[in-house]
1. How large is ³J(HN,Hα), in whole Hz, for each residue of segment 105-121 in order, when computed from phi with the Karplus curve 6.51 cos²θ - 1.76 cosθ + 1.60 and θ = phi - 60°, using x for Gly and Pro?
2. Consider all pairwise Cα distances in segment 287-417 and report the whole-number % of them above 25 Å.
3. Would you list 92, 217, 33 from fewest to most Cβ contacts within 10 Å?
4. If packing is taken as the average number of other Cβ atoms within 10 Å across a peptide's residues, how do 116-125, 354-363, 272-281, 258-267 rank, most packed first?
5. 7 Å from Cα along Cα→Cβ at both residue 154 and residue 126: what's the point-to-point distance in nm?
6. Separation of segment 151-166 and segment 226-286 by C-alpha centroid, Å?
7. Expressed as a rounded percentage, what relative contact order does the chain have, with Cα pairs under 8 Å and six or more residues apart?
8. Which ordering of 65, 417 is given by a fewest-first count of other beta-carbon atoms within 10 Å?
Amino acid sequence: MQEKQSIHGAWANRWIFILAATGSAVGLGNIWKFPYITGENGGGAFVLVYLVCILLVGVPIMMGEVLVGRRARQSPINAMREIAVESGHSAKWSFVGIMGVLSGFMIFSFYSVVAGWVLHYVAGMASGDFVGIGSEDAGKVFNGLLGDWKTLLIWHSIFVVMVMTVVAGGVNKGLERATRIMMPALFVLLLVLLGYSMNTGHFGAGWNFLFQFDLSKLSWDAVLVALGHSFFTLSLGMGAIMAYGSYMPKKASISSTVLTIAGMDTLVALIAGLAIFPIVFANGMDPGAGPGLMFVTLPVAFGQMAGGQIFGFLFFVLIAVAAWTSAISLMEPAAAWLVETFGMKRSTSCVLLALTVWGLGIMALGSFNFMSDVTFFGMNTFDFLDFATANIMLPLGGIFISLFVGWFVKKRVNLDELALEENGLFYTWYISIRFIAPVAVSIIFLVNLYQKIAG
Ligand code: PHE
């Protein structure tokens, strides 16, 4: 029998899949969000919970997503339907894919705004705007940028076009080509910056901040943030990895590729932390500064240091590349779905999607200026989009995917796709996806909900 293929194409080999999925996983979540939420939640203990979430919840669910995508060889909405029907269940399971596409739009809209800040800083670093800048002035520059909706809009628009162009190129000429060029560049830049930060003389302080586990500092809120972040950083719960899995070679082993991807994503987050915190401490700044951490602290630090202009420039280029390869995967599931379902040309579908996320993004960037008084549950649009996706929709998507794969997909199908016998490895995964992942995510959810209600 001929192997089933996706109409969109296939990755050239297993390593391209690993790199593309790592490109999706490694993004603003690793380099912007992870350091600042770690800073806000006190460091080590938070990191420990995050690592546990990745291993116990993230890895099994990622295997589930890849499995469904690869078996169906279709976009998440259609894949969920097909695999549900194959195992004798309702076609309505496609709602998980639909919710994923919605989450993708919502994430894209605030993601693109932050990517826009990054592009602005790439330009600023290149033109030497931050040389010798003090922390007060750096704060003013960042706040000035937030207040300036026109500049934000320009960068947001540029980023949307960058992403659209790649996705419109298709799996091989777009996604795969971008992966081949950008991922090696990303690793090299990261290592260069790590080396740089090791020379600040405060590497030990950064290390201790990340790895001294003081569990007494941990709150339920922080556990929810860690859990939500493990979904966000691995691109889970919204179909990105499922879509990438649908282009994966049949011969490749799902368990080992997924472990590699999750391992690389975690490594990049930790290295980003190790590159950033020593610089923060070397300049006596506050690790808990919030979303502005990278945009205020680092320019000051780079502004003071020898070679800071060049390394600062490289640093922001690195983040821009990481954001780019991730945003591609935010658009791919919806693009593939429009092509499959309505026979649309890929380029047309990408233009439509780009317009949609561009419009949503304007609301997100307006949070800091012309729409600053619009709030949802006490949060501005930007914070709301981040909170609703990372802390609610992605974990919810994760619960549904784990229940689906664990309880509804036939065991035979799982064994088949994972290419495993009924051995210890299989049962470790099976127990995780049937019990540990859904139960853990649900408990954290409910406790948080209860705490919010109880005040
Ligand atoms: N994983 C990406 C990051 O860490 C964000 C992302 C989430 C991308 C969901 C795709 C899907 O920045």
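The numbers here are math on the coordinates, done by the rules we state, and not lab data. Remember, predicted model here, so these are calculated numbers, not experimental data. Reconstructed Cβ throughout: ideal geometry from the backbone, glycine too, with neighbour counts over all protein chains shown.
1. These are the phi-based 3J(HN,Hα) values: 4, 5, 5, 3, 5, 8, 4, 5, 5, 5, 4, x, 4, 4, 4, 4, 6 Hz.
2. Details: 4607 of 8515 pairs.
Counting every Cα pair in segment 287-417, those more than 25 Å apart make up 54 percent.
3. With the sparsest Cβ surroundings first, the list reads 92, 217, 33.
4. Numbers: 116-125: 22.4, 354-363: 18.9, 272-281: 25.2, 258-267: 20.7.
So the peptides 116-125, 354-363, 272-281, 258-267, ranked by packing, come out 272-281, 116-125, 258-267, 354-363.
5. A separation of 1.3 nm, rounded to one decimal place.
6. Spelled out, the Cα-based centre of one part sits 24 Å from the other.
7. Averaging sequence separation for qualifying contacts and normalising by length gives 35 percent for the chain.
8. The most exposed by this proxy come first: 417, 65.
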